[in-house]
Amino acid sequence: MKTTYDGLAALGWNRWFAQRAAFAPGQTIARVAAVDRDQWLLVDQTGHFRAVPAGNYRQQHPLPHEKPCVGDWVCVLREPGGPGTILGLVERRTVLRRKAAGTAVEYQMIAANVDNVMIVQSCHFDFNLKRLERYLVMVMDGGAEPCILLTKTDLVEAAILASQVEEIRSSGITAPIVTLSNITGDGVEALEYLLEPGKTYCFVGSSGVGKSTLINHLAGSEMLDTREVSGTGEGRHTTVRRELIHLKGGALVIDNPGMREFGLVGAEEGIRARYAEIAALAARCRYRDCSHSGEPGCAVLAALNSDEIDPGQLENYRQLRQESEFNDLSYVEKRKKDRDFGRFIKSAKKSMKRY
């Protein structure tokens with residue numbers, strides 16, 4: 001079995017995955033590099049190739065977040081002269097997910113098995129602390145490590161950039177911050193120093209903040225389409241799919257289309273990690289379901305009244321918890337309706353066979 005893994009370390013494979021992989025003779029391991037509708041682009045030590053999930057795999061894993069996504073490791077059967085067949089999914093070490101856009105309460109997988117997530121904001125037009133905290137909750141909830149990239153520093157005064165960094169630190173965010181400019185190159189070398197060979201990094205952020213341009217620089221080639229910025233300094237959206245890219249230094253990156261909607265589902269762990277101080281206080285409240293809005297014996301409000309915690313941080317904590325809990329409940333109700341409908345269909349089919 002060891003020989004099957006030869007060469008995969010450069011693609012991010014390690015002992016953690018090896019201990020959890022299980023496949024039959026004739027099957028091999030590959031990583032998902034991109035997803036194009038009903039076809040998956042995989043990569044292994046021999047290069048890239050196409051594959052499709054087996055029919056029974058689709059039947060046993062009908063939910064969107066159960067399907068292989070970019071960054072996943074899969075067990076695949078390769079047949080000469082045709083696409084491979086995906087037979088199984090290796091357990092995910094980390095995930096990056098959000099609530100699907102629109103009214104549907106469903107998970108949308110962004111990437112899997114990511115070591116670090118680079119949260120990219122332009123300090124010229126895109127800087128938004130609340131949105132940054134949402135990204136941090138998503139990253140922490142999935143188990144990856146966050147890093148903050150403030151781009152387009154050439155378009156703002158040094159004092160503005162310094163105030164933005166101070167605003168981030170004052171909110172209690174301790175993740176590394178890299179400030180850089182794709183135009184002048186300032187800060188790019190510092191980012192390159194952080195990227196380790198065999199590690200996987202996912203770049204997330206709004207459209208036009210310079211993600212693709214930055215990845216092209218890191219890769220040493222024009223691998224991703226980019227467009228000139230507008231007259232205001234805002235970039236234009238170009239990335240249309242997620243894709244795993246091998247950089248010249250050995251690290252792997254996943255570019256990600258800009259996110260217009262970013263809802264949270266099942267993010268309780270991420271919220272507790274991001275707001276650890278408030279979460280620790282909440283555990284000392286008299287009531288387990290305390291909403292921290294006026295109940296007696298609320299340790300959070302007591303800390304607020306004694307200026308131990310910031311009112312803005314508490315408000316963000318409340319809003320994110322309410323959103324996540326509402327979406328969690330809606331998701332559970334949807335799954336129950338799906339199961340009930342499935343039972344109805346099975347019952348109807350049995351009844352029709354009797355006639």
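With a 10 Å radius around each residue's Cβ, average the other Cβ atoms per peptide and rank 16-22, 194-200, 214-220, 204-210, highest first.
204-210, 214-220, 194-200, 16-22
Would you please put 130-143, 302-315 in order of how densely packed they are, using the mean number of other Cβ atoms within 10 angstrom per residue and starting with the highest?
130-143, 302-315
Within 10 Å of each residue's Cβ, count the other Cβ atoms and sort Val156, Val253, Val52 from fewest upward.
Val52, Val156, Val253
If I take all pairs of Cα atoms in the range 2-89, what percentage of them are more than 16 Å from each other?
50
Taking the Cα centre of the range 10-103 as origin, work out the dipole magnitude from +1 charges on Lys and Arg Cβ and -1 charges on Asp and Glu Cβ, in debye rounded to 20.
Rounded to the nearest 20 debye, it is 360 debye.
Hey, rough spin-label estimate for Glu166 and Ile183, points 7 angstrom out along Cα→Cβ, what's it come to in nanometres?
2.4
Given the Cα-Cα distance of Ala283 and Arg15 and 0.36 nm per residue of separation, how much length would full extension add, in nm?
Extra length from Ala283 to Arg15 when fully extended: 92.9 nm.
Show me 39-49, 115-125 ranked by packing, highest mean number of other Cβ atoms within 10 Å first.
Listed from highest to lowest mean packing, they are 115-125, 39-49.
Bear in mind these aren't lab numbers, they're just calculated from the coordinates by the rules spelled out. Keep in mind it's a predicted model, so treat the numbers as computed, not measured. Glycine also receives a Cβ, built like all others from the backbone with ideal geometry; neighbour counts cover every protein chain displayed.
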